[in-house]
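Chemist: This is the structure, below, for whatever I ask next.
The values are calculated or read from the model by the stated rules, or taken from the named source; none is laboratory data. A quick note: this is a predicted structure, and the numbers were derived from the prediction, not measured. Positions of Cβ are generated from backbone atoms using ideal geometry, with glycine treated the same way; all protein chains shown enter the neighbour counts. Protein only, heavy atoms only, side chains kept; ligands, DNA and RNA dropped before computing areas. Shrake-Rupley method; radii C 1.70, N 1.55, O 1.52, S 1.80 Å.
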Amino acid sequence: MIKRVLALTVAVLLALGSLCAFASTDKLEDALEQLNFYLTHFNTEDYKSEVDLSEIANAFASLGNSGMGFYVYANVMLLLEKGDYRTAAIVKTMLESNEEFSNSLDDKEFKEKYPSISGVKFLLNYVDGRIAENSEDTEAAKKCYSESGGFFDSYERLLALSGGESEEMYQRAFSHFTSGEYEEAYKLFYELSESNYTDSASFRDTCGKILAGMGIDPETIIKGAWSEWTDKLPEGIDRDKYEIETKQLYRSRVKETKTDKQKDLKGWTLTGTSEQAGGFGEWSNWSTNEVKKSGTREVETQQVYRYRDLEKTTSTKSNMDGWTKYDSKTAYSDWGAWSKWSTTKATKSSTREVQTKTQYSYRTSSTVASYSGWSSYSGWQTSAVTANDLTDVQTRTTYRYFYFKCPKCGNHWHGCNNVYCWTWGGGCGDTKNAIPESSKVFIWGTTPQSQMNWKDWHGTGVTYTTYNGERVFRSPGAPNKSRTEYRYRTRSLVYNTVWSNWTEYSDSSVSAASNRQVNTRTVYRYRDRKPVTTYYFKRWGAWSEWTASKVAANDSRQVQNAVWYRYRDKLKETLYYYERWGSWSGWSENAVNSNANTQVETKTRYRYRAK
């Protein structure tokens, strides 16, 4: 029933979305700010008096589609606040399947603007933690809270469920972590992780990654082992906390020389040339372009061949790119494995076998008493009210001040009958008519008279001050007059018939009764055999490389032939002399001296370990 009601609620919201497609962005931002405030100030005394979670949820509902995800988000928190964990577990499933809404909460700009509205993953872990805690499954609750990313009061609840010396060490480690003291935090989280304390292993790994990003090997912090040799010390490594060793490394390269007939040899520097009589040059590459013989040119020819063979293959696909189908054969496969049981009806055929069975599910009813929600607080009153399980009472003390009001100008005075509205007191100057006794006004405020800044009223012996923008006087006869005021709210006891959740469907037969409802269903499973067709294809393969060996054609081979030419010319030879620096050797601790034919480079390397 609850699930159908929630589904109907979502349907109504979707309908609202079509009417509110252009809902005010300002209204959405106002509601988000209220929700962020609620989630941020949970540990203050008056946060519930500042915001009303049900009003926030209604504000999101009024926005249609643009507020539907946040409506469900706020309702989950409202159900937890009311202690309705079973309904909260159902409602949260609406968020689990809404990937688009989940991604919007992880948007960087949204998280910066509303930091306390955590992502769906953290909210769901928090809800599971509350449900586990309510079921007194402490270990499950602690695990869920530790994976809630600090959402709402998850950290405080985790601390309340933990306690002991390990908790004190955990809080010190967490303090170092939030202060950026990652080395100290890593040491403490490492020690706590040895006993698998809460999520210390996760924080240990996070500190380790941060230190590695800073160039600091975490292993050197715990074990005091030497780090790997490095060309530069990481930032933060100094001799106060670390032992540091250095060593000098050398590398060298020598000058190379070369004589070649090629001009502009890449990678070499030309240092000189010389000429000599030459014979024929190098043969050209073979080419299909015809070349004529002359007195300064020799020419060679050769007959060359290339071929390609007929290729054949088979496939279960009826078409293959680049292939020609020439035959096919069809056969049936063996029966396959049985499918899983399913409520989807399966029909028997020549290629499918089907089995069925009946399954049963039931639920039972019980009567549960619970409190209704609290009503709104009444106004403040002086009549005393007694608190009990159905009545919540608050009190406050108020303090009395007074003034007499001029009927003409409204100026405030300290007395009546023989007091007039003189101009020296800011009045209208009416000295014919005395201030009447009926104009006396009492003001009840929450600030004690002893804390007011009283001043003498023009030598009259009466003191005055300004309260809420008005001039008020202190009663000479009752200077500390006060009274107690009361306000209250109520709730009632409600009795409901509650049905349990439906059991999982099983094969065991169950009968209906006055306190038990039964559902049945038919499930099916099947296995198939398929017609398997094998298709036969052929194509001509790629041409081979050209070869001087003669090749014969047949039904499975095609052959092409051609005449190739190459030549070489008589030329004068120029010899070119080159030099260059060779490759650098590897780095070594062995010292090397530089000279005209040897270049040398040096560098210093470092390693360190915690003291």
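Chemist: Got at least one residue in the range 484-491 being exposed (fewer than 12 other Cβ atoms within 10 Å of the Cβ) and without any contact (Cβ under 8 Å) to a residue 12 or more places away in the chain? If you could, list the steps in order and put the result at the bottom.
Modeler: First pass over the range 484-491, keeping only residues exposed (fewer than 12 other Cβ atoms within 10 Å of the Cβ): 484.
Retained after the next criterion (residues that are without any contact (Cβ under 8 Å) to a residue 12 or more places away in the chain): none.
Scanning the range 484-491, I find no residue that is exposed (fewer than 12 other Cβ atoms within 10 Å of the Cβ) and without any contact (Cβ under 8 Å) to a residue 12 or more places away in the chain, so the answer is no.
Chemist: Collect the residues in the range 328-347 that are surrounded by 11 or more Cβ atoms within 10 Å (Cβ to Cβ) and not in a loop (DSSP other than H, G, I, E, B), keeping them in residue-number order. Reasoning before the result, please.
Modeler: Taking the range 328-347 first, the residues surrounded by 11 or more Cβ atoms within 10 Å (Cβ to Cβ) are 328, 332-333, 335-336, 338-339, 341-342, 346.
Once the filter is applied, which keeps residues that are surrounded by 11 or more Cβ atoms within 10 Å (Cβ to Cβ) and not in a loop (DSSP other than H, G, I, E, B), the range 328-347 yields S328, Y332, S342.
Chemist: List the number of the failed condition for F110; all other conditions in (1) at pLDDT 85 or above; (2) buried (at least 17 other Cβ atoms within 10 Å of the Cβ) hold.
Modeler: The failed condition is (2).
Chemist: Scan the range 231-252 for residues that are within 13 Å of D217 (Cα to Cα), touching a residue at least 40 places away in the same chain (Cβ under 8 Å) and either over 39 Å from the mean Cα position of the chain (by Cα) or open to solvent by less than 40 Å² (accessible area, probe 1.4 Å) (or both) and report the count.
Modeler: So the count comes out to 2.
Chemist: Additional query: Just give me the residues in the range 311-321 being loosely packed, with under 11 Cβ neighbours inside 10 Å and in contact with a strand residue (DSSP E or B) (Cβ under 6 Å, 6 or more places away or on another chain), in sequence order.
Modeler: S318
Chemist: Can you tell me which residue in the range 215-252 is nearest to Q599 (Cα to Cα), limited to those that are among the aliphatic types (A, V, I, L, M) and at pLDDT below 80?
Modeler: Applying the filter and picking the extreme gives I237.
Chemist: A follow-up question, please. Of the residues that sit in the range 385-401 and are open to solvent by 80 Å² or more (accessible area, probe 1.4 Å) and part of a loop (DSSP other than H, G, I, E, B), which one is nearest to T447 (Cα to Cα)?
Modeler: T386
Chemist: Here's a follow-up. Has the range 196-203 got any residue that is within 14 Å of S146 (Cα to Cα), modelled with pLDDT under 85 and of a type in the set (D, E)?
Modeler: Looking for residues that are within 14 Å of S146 (Cα to Cα), modelled with pLDDT under 85 and of a type in the set (D, E), one finds at least one in the range 196-203, hence yes.
Chemist: Going through the range 356-376 one residue at a time, which ones are open to solvent by 70 Å² or more (accessible area, probe 1.4 Å) and either out of contact with any Asp or Glu (no Cβ under 9 Å at 6 or more places or on another chain) or among the β-branched types (V, I, T) (or both)?
Modeler: T356, Y362, T367, S376
Chemist: Scan the range 90-98 and give yes if some residue there is touching a Cys at 6+ places or on another chain (Cβ under 9 Å), in contact (Cβ under 8 Å) with a residue 40 or more places away in the chain and under 30 Å from V498 (Cα atoms), otherwise no. Outline the logic, then answer.
Modeler: Residues of the range 90-98 that are touching a Cys at 6+ places or on another chain (Cβ under 9 Å), as a first pass: none.
No, the range 90-98 contains no residue that is touching a Cys at 6+ places or on another chain (Cβ under 9 Å), in contact (Cβ under 8 Å) with a residue 40 or more places away in the chain and under 30 Å from V498 (Cα atoms).
Chemist: Hey, which of the strands (runs of 3 or more DSSP E) in the range 524-611, taking only ones fully inside, have at least 3 residues that are of a type in the set (S, T, N, Q) and open to solvent by less than 50 Å² (accessible area, probe 1.4 Å)?
Modeler: Of the strands (runs of 3 or more DSSP E) lying wholly inside the range 524-611, none has at least 3 residues that are of a type in the set (S, T, N, Q) and open to solvent by less than 50 Å² (accessible area, probe 1.4 Å).
Chemist: Next question. Take the residues in the range 77-107 that are outside any loop (DSSP other than H, G, I, E, B) and of a type in the set (D, E), then tell me which one is surrounded by the fewest Cβ atoms within 10 Å (Cβ to Cβ).
Modeler: Going through the qualifying residues, I end up with E100.
Chemist: Moving on to the next point. Within the range 253-297, restricting attention to residues that are open to solvent by 80 Å² or more (accessible area, probe 1.4 Å), farther than 30 Å from V563 by Cβ and in a loop (DSSP other than H, G, I, E, B), which residue is modelled with the lowest pLDDT?
Modeler: If we take residues in the range 253-297 being open to solvent by 80 Å² or more (accessible area, probe 1.4 Å), farther than 30 Å from V563 by Cβ and in a loop (DSSP other than H, G, I, E, B), then A277 is modelled with the lowest pLDDT.
Chemist: If you go through the range 419-454, how many residues are open to solvent by 80 Å² or more (accessible area, probe 1.4 Å), under 60 Å from the mean Cα position of the chain (by Cα) and free of Cβ contacts under 8 Å to residues at least 40 places away in the same chain?
Modeler: Residues meeting the conditions: 3.
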